[in-house]
1. Looking at (1) surrounded by fewer than 22 Cβ atoms within 10 Å (Cβ to Cβ); (2) more than 19 Å from Leu108 (Cα to Cα), can you tell me which one Ala216 breaks?
2. Could you tell me which residue of region 1-56 is modelled with the lowest pLDDT, considering only residues that are more than 17 Å from the chain's Cα centre (by Cα) and part of a strand (DSSP E or B)?
3. For region 169-220, what are the residues that are over 20 Å from Ser70 (Cα atoms), of a type in the set (A, V, I, L, M, F, W, C) and assigned to a loop (DSSP other than H, G, I, E, B)?
4. Would you mention how many residues in region 69-103 are over 21 Å from Gly36 (Cα atoms), part of a loop (DSSP other than H, G, I, E, B) and of a type outside the set (Asp, Glu)?
5. Name the residues in region 57-68 that are under 19 Å from Pro32 (Cβ atoms) and not in a strand (DSSP E or B), would you?
6. Could you please give the count of residues in region 113-134 that are within 18 Å of Ser71 (Cα to Cα) and either among the small types (Gly, Ala, Ser) or in a strand (DSSP E or B) (or both)?
7. Being modelled with pLDDT of 95 or more, hydroxyl-bearing (Ser, Thr, Tyr) and more than 15 Å from the chain's Cα centre (by Cα) narrows it down to one of Ser145, Ser197, Ser158, so name that one.
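The values are calculated or read from the model by the stated rules, or taken from the named source; none is laboratory data. Because the structure is a prediction, the values reported are computed rather than measured. Using ideal geometry, Cβ is built from the backbone for each residue, glycine included, and neighbour counts are taken over all protein chains shown.
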Amino acid sequence: MRSHAGVTALAILSLALVACGSGGGAAKVHTPDEVGSALLTASEVGTGWTQTQRDVFSTRAPENPSIDESSWCPAASDRAAALTKLAGGSGADVEFSADQPDHDFVGLREQGWSNTDAAAYFTAAKAAATACDGVTWTTAEGTVSMAMVADPKFGDASFSWSASAVLSGASTQWRTQNTVVRSGTTILVFQGTDVVSAASPPAEPDWSAIAARAAAKFATLDGG
């Protein structure tokens, strides 16, 4: 089974309007290879990052969701249920990791795809995130909290949220920041995760800055 940075049983992590062109035709739907070429490389992420996986797929495996279902609070379950279907079967993803002092793990995942359901996906994902804004809930693994993040606008529209989880009976904390971007017929899902167990946790990586670079490169699919 393929593994994904930040996608675990307690994956706390972690669009587009189908606009008409000047001639009245629908916006272009990009191929998985085109989408894959618009994802970051390790050097573009930043110094010290290593690519651990890159994949272009025509069939989405069950263990390769757009956003893992365990990421959402119970109140968002109905809204999140539609995401797998709306994400479609094809796309591309890439994962990176970095060794950083006082962190048990630091990882980044980008996944992108292009289809005519992009606008509906964005709407459903934002509704799920909004339902979890400011919510804390308990799972068998620990306590999870989630909140929206006021990032700049990326692409045609975007939203971001952060989440943290403290595992039951342990000092280990999972922290994530997630961004969903819609542009043309494309969706970009950005998920940054770090795991810490220090009594005084270090600062998280600057996920917003990396997300901005990811969104800027992804926008080149449509000439951005």
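1. Result: Ala216 passes all but (2).
2. In this case the residue turns out to be Cys20.
3. Ala198, Ala199, Ala203
4. Result for region 69-103: 7.
5. Ser58, Thr59, Arg60, Ala61, Pro62, Glu63, Asn64, Pro65, Ser66, Ile67
6. So the count comes out to 7.
7. The match here is Ser145.
Every residue, every condition in (1) at pLDDT 95 or above; (2) of a type in the set (Phe, Trp, Tyr); (3) under 25 Å from Arg60 (Cβ atoms), yes or no:
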{"site": "Ala129", "(1), (2), (3)": "yes, no, yes"}
{"site": "Thr138", "(1), (2), (3)": "no, no, no"}
{"site": "Ala150", "(1), (2), (3)": "no, no, no"}
{"site": "Ser162", "(1), (2), (3)": "yes, no, no"}
{"site": "Thr179", "(1), (2), (3)": "yes, no, yes"}
{"site": "Ser183", "(1), (2), (3)": "no, no, yes"}
{"site": "Asp206", "(1), (2), (3)": "no, no, no"}
